[in-house]
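Structure first, then comments.
The values are calculated or read from the model by the stated rules, or taken from the named source; none is laboratory data. Keep in mind that what you see is a predicted model, and the values were worked out from it rather than measured. Cβ atoms come from the backbone with ideal geometry, glycine included; neighbour counts cover every protein chain shown. Just the protein is used for accessible areas: all its heavy atoms, side chains included, with ligands, DNA and RNA removed. Shrake-Rupley method; radii C 1.70, N 1.55, O 1.52, S 1.80 Å.
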Amino acid sequence: MAGTLTAPNFRPSITAFILLALLSFPSCVLSIGVNYGTLADNLPPPSQVASFLKSKTYIDRVKIFDCNPDILRSFAGSGISLFITAPNGDIPSLSRLPGARAWVAANISPFYPATNISLIAVGNEIMASGDRNLIAHLVPAMRSLSAALSAAGFPQIRVSTPHSLGILSASQPPSSGRFRRGYDRAIFAPMLDFHRRTKTPFVVNPYPYFGYTDQTLNYALFKPNRGIYDPVTRITYTNMFDAQLDAVFSAVSRLGYGDVEIAIGETGWPTAAEPGQTGVDPAAAASYVGNVIRHVSSGKGTPRMPNRKFETYIFALFNEDLKPGPIAERNWGLFRPDFTPVYDAGVLQAGNQGGVAAKFCVAKAGASEAALIANINYACSVAGVDCRPIQPGGSCFEPNLIQAHASYAMNAYYQAAGRHDFNCDFGQTGVISNSNPESMTSLRMGGGHERRGYESSFVNAMVIASSPRENGPDN
């Protein structure tokens, strides 16, 4: 049948392969951004935050909701890029070039380039504010600020503005995506033209959390589900995140701007909410956020935007205890104020789990090659794990060894499914490991066996395998 694979004829050290597979994981952990909100009375100083992110995490981009000079100074020399915000109230003055030049002189020139300011948001979700004055001045402010940056010698700093998905009048199915009538031609067409000319991203804030029901929870969390069919494109969507992004793509394409880059300014999942609300706990947050991080950086893209990576900022870095509103509003954080993780989203560098033991699912020593091939077929096709990184040219293709690739696929499934021990059963061919991959750098192949890869047709075939196996994960 399609995708049937023949085990390669080699038998190097199984244990060495498993450890090499673990070794490959840090290099496959994807760079990601985070929203750094400060509506709290117990947060560490910005200098400690910058040091922590640089030395302990894979987070290499930070978005803030103002242009706080203490934060800008603290990130100087860190190598972490900043996405800063011009407050909503500054928009009218920014719409005129003198005002934009004054803003750049006060908020950019004293800090750049020591602080790597890469993107400036003109306000935040202005289209959802209902403020006609701000909306009318939004695109002119973006143009003026871009011109002022160029005049100051900073043309590489990009300008955008984030949008909630309330900008869409229709989004389901994704092919029906369109902007709200009246704003489509008056606001979004000139805004998208600005993005095209300046090669800057159209920033949206997709939140499946606000759109799920008990029936669509698995669909929202990237867990196995039947999917939702779009009869126009004949695409079956298996996660709400892709569906929301493709609805935005449909809207921008309807105006003729399908080539404009789309970035994600905010997305996340809270760990606590009102009593009785289902689907809100650290495990759900880990499933959603962990899958988003892997997905947006994998290069897989979405069904309508294939082979794309998306600049993405997870919401949020910390729980913020002073935020008003429902319980969930104070519980979006990846970390507590003491830098211990609220849950494991996969953003901590190996050995820095802050008391939470890192857990990996790897191929068990002694597992047959046929079983490992079946494990990859299951994870990469039936379970829907994105296995492009272990295809030729992928970031985790090396070491090109069946045990390494099997461990990658098995671990990706295990992480996505919720990190339960039974998710690593794989017909008793998987095992949970807490080993620190970075402690294995001195590992050498043992047993006197020649280190060899297997045929690349194996990787090509695995993505079209279509049959589940009898000894799949015991869940």
Out of all the residues in the stretch 174-195, is one or more closer than 29 Å to T238 by Cα and in contact with a His (Cβ under 8 Å, 6 or more places away or on another chain)? no
- With the condition kept exactly as written, say whether any residue in the stretch 187-203 is among the basic types (K, R), crowded, with 17+ Cβ neighbours inside 10 Å and part of a loop (DSSP other than H, G, I, E, B). no
Taking the stretch 269-309 and keeping only residues that are within 29 Å of P201 (Cα to Cα), open to solvent by 10 Å² or more (accessible area, probe 1.4 Å) and not in a helix (DSSP H, G or I), one is left with S298, G299, K300, P303, R304, P306, N307, R308, K309
Every listed condition ((1) open to solvent by 10 Å² or more (accessible area, probe 1.4 Å); (2) closer than 23 Å to D259 by Cβ; (3) assigned to a helix (DSSP H, G or I)) holds for T233 save (3)
Of (1) at pLDDT 80 or above; (2) loosely packed, with under 14 Cβ neighbours inside 10 Å; (3) in contact with a Gly (Cβ under 7 Å, 6 or more places away or on another chain), Q428 fails just (3)
Scanning the stretch 374-411 residue by residue, those at pLDDT below 85, open to solvent by 10 Å² or more (accessible area, probe 1.4 Å) and under 21 Å from V289 (Cα atoms) turn out to be A383, G384, V385, D386, R388, P389, S395
The residue that is nearest to Y36 (Cα to Cα), considering only those in the stretch 321-343 that are outside any loop (DSSP other than H, G, I, E, B) and touching an Asp or Glu at 6+ places or on another chain (Cβ under 7 Å), is R330
The condition of being crowded, with 18+ Cβ neighbours inside 10 Å, in contact with a Phe, Trp or Tyr (Cβ under 7 Å, 6 or more places away or on another chain), in contact (Cβ under 8 Å) with a residue 12 or more places away in the chain and outside any helix (DSSP H, G or I) holds, among A243, A251, A263, only for A263
Picked from the stretch 36-52 (must be touching a Leu at 6+ places or on another chain (Cβ under 8 Å) and of a type in the set (A, V, I, L, M)), the residue least open to solvent (accessible area, probe 1.4 Å) is V49
Checked the stretch 212-226 for anything free of Cβ contacts under 8 Å to residues at least 24 places away in the same chain, part of a loop (DSSP other than H, G, I, E, B) and either out of contact with any helix residue (DSSP H, G or I) (no Cβ under 6 Å at 6 or more places or on another chain) or surrounded by fewer than 17 Cβ atoms within 10 Å (Cβ to Cβ) (or both); matches are T213, R226
In the stretch 68-113, anything in a loop (DSSP other than H, G, I, E, B) and among the charged types (D, E, K, R) is listed as R96
Is it the case that A147 is in a loop (DSSP other than H, G, I, E, B) and of a type outside the set (F, W, Y)? no
Checked pairs for the stretch 316-330, first crowded, with 20+ Cβ neighbours inside 10 Å, second outside any loop (DSSP other than H, G, I, E, B) and charged (D, E, K, R), C-beta under 9 Å and 6 or more apart or across chains, list as A316/E266; N319/R330; E320/E329; E320/R330
